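Asker: Here's a structure for you.
The values are calculated or read from the model by the stated rules, or taken from the named source; none is laboratory data. In this text, all values refer to a predicted model and were calculated from it rather than measured experimentally. Quick reminder, even Gly has a Cβ in these numbers, built from the backbone with ideal geometry, and neighbours come from all protein chains shown.
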Amino acid sequence: MSAPTAPVVILVRPQMGENIGAAARAMLNFGLTDMRLVAPRDGWPNPRAVAMASGAAGQVLDRARVFGTLGEAMADLDRAYATTARGREMTKPVLTPAAAMEDARARVAEGGRIGLMFGPERAGLENEDVARANAIVTVPVNPDFPSLNLAQAVLLLGYEWARDSLPTAPMPTGRRPPAEVAANGRDIAALADHWEGRLDQAGFFFPAQKAPGMKLALRNLWSRMPLTRADAKILHGALRQLTRHRGGPPPAGD
């Protein structure tokens, strides 16, 4: 089975090349690569967009297509979602980004072609633009400041589109540095011996009949802790410093 077709991103009359480039970066973060530009104010291609796209996201700009009208950009779409923060006197479904992209995934699974519409930076989509959409997407934000910039809006919808396919944990950043190597069984046993010996010398395990249980609980504590080798060295050093001037022979393992 072929992979579902990701939505196309339609930027309607975008004004600044920097915002187009930032939108391209947001798209590629979540696997969206089909950008369509409707009558960009400063023409196309735009070197400021390329500079903002920063590296890999340039591929989105390389593939971007320019259209003279919104109708032309939407010609092959089966459903479109218009993003807007303003109320509209139109009878259309009004969805959150999560609900909109859940609906989009279901329609794509049935073979539909989906578009996400974003308006110009200054005032957003006009009523004539929104009238062409099948549904409105509004982000539930602070009502005293509902404005999002173009890239933020693209990022939000891109995230909601790809959310179910994203890794469940952050991606690893590389090999663990030596200081973060996990302590092994030998390291933990040596640490436990060191602390048990010093605590025994200090009279911690009292009364005598409770000493075996106290020592067992302490061993269990060490084994539960997710220590690194660096952690073990610090705990060895701290114990040595605390007991340095107490006198008496050092216990085994010191």
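Asker: Specify which of the listed residues (ALA123, ALA133) is more than 19 Å from ALA100 (Cα to Cα), more than 13 Å from the chain's Cα centre (by Cα) and part of a loop (DSSP other than H, G, I, E, B).
Answerer: Within the list ALA123, ALA133, the selection yields ALA123.
Asker: Enumerate the pairs (first residue in segment 68-96 and within 21 Å of VAL38 (Cα to Cα); second residue anywhere and of a type in the set (Lys, Arg) and in a strand (DSSP E or B)) with beta-carbon separation below 6 Å, excluding pairs fewer than 6 apart on the same chain, so at least 6 apart or on different chains.
Answerer: Pairs that qualify, where the first residue is within 21 Å of VAL38 (Cα to Cα) and the partner is of a type in the set (Lys, Arg) and in a strand (DSSP E or B), are ALA73/ARG36.
Asker: Ok, one more. What are the residue pairs meeting all of these: first residue in segment 23-51, first residue at pLDDT 95 or above, second residue surrounded by fewer than 19 Cβ atoms within 10 Å (Cβ to Cβ) and of a type in the set (Ser, Thr, Tyr), Cβ atoms under 6 Å, and 6 or more apart or on different chains?
Answerer: Close Cβ pairs satisfying both conditions: none exist.
Asker: Hey, which of the helices (runs of 4 or more DSSP H) in segment 1-99, taking only ones fully inside, have at least 3 residues that are within 23 Å of SER165 (Cα to Cα) and in contact with a Leu (Cβ under 9 Å, 6 or more places away or on another chain)?
Answerer: 17-29
Asker: So, in segment 122-144, how many residues would count as being within 22 Å of MET27 (Cα to Cα) and either touching a Lys or Arg at 6+ places or on another chain (Cβ under 9 Å) or of a type in the set (A, V, I, L, M) (or both)?
Answerer: Of the residues in that region, 13 qualify.
Every residue, every condition in (1) in contact with a Pro (Cβ under 6 Å, 6 or more places away or on another chain); (2) at pLDDT 95 or above; (3) over 19 Å from ALA131 (Cβ atoms); (4) charged (D, E, K, R), yes or no:
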site	(1), (2), (3), (4)
LEU77	no, yes, no, no
THR83	no, no, no, no
ARG86	no, no, no, yes
VAL94	no, no, no, no
ALA99	no, yes, yes, no
GLY111	no, no, yes, no
MET117	no, yes, no, no
GLU121	no, no, yes, yes
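Asker: Among the candidates VAL12, VAL38, which residue alone is surrounded by 20 or more Cβ atoms within 10 Å (Cβ to Cβ), in the same structural domain as GLU110 (by TED's automatic domain parsing) and touching a Phe, Trp or Tyr at 6+ places or on another chain (Cβ under 6 Å)?
Answerer: VAL38
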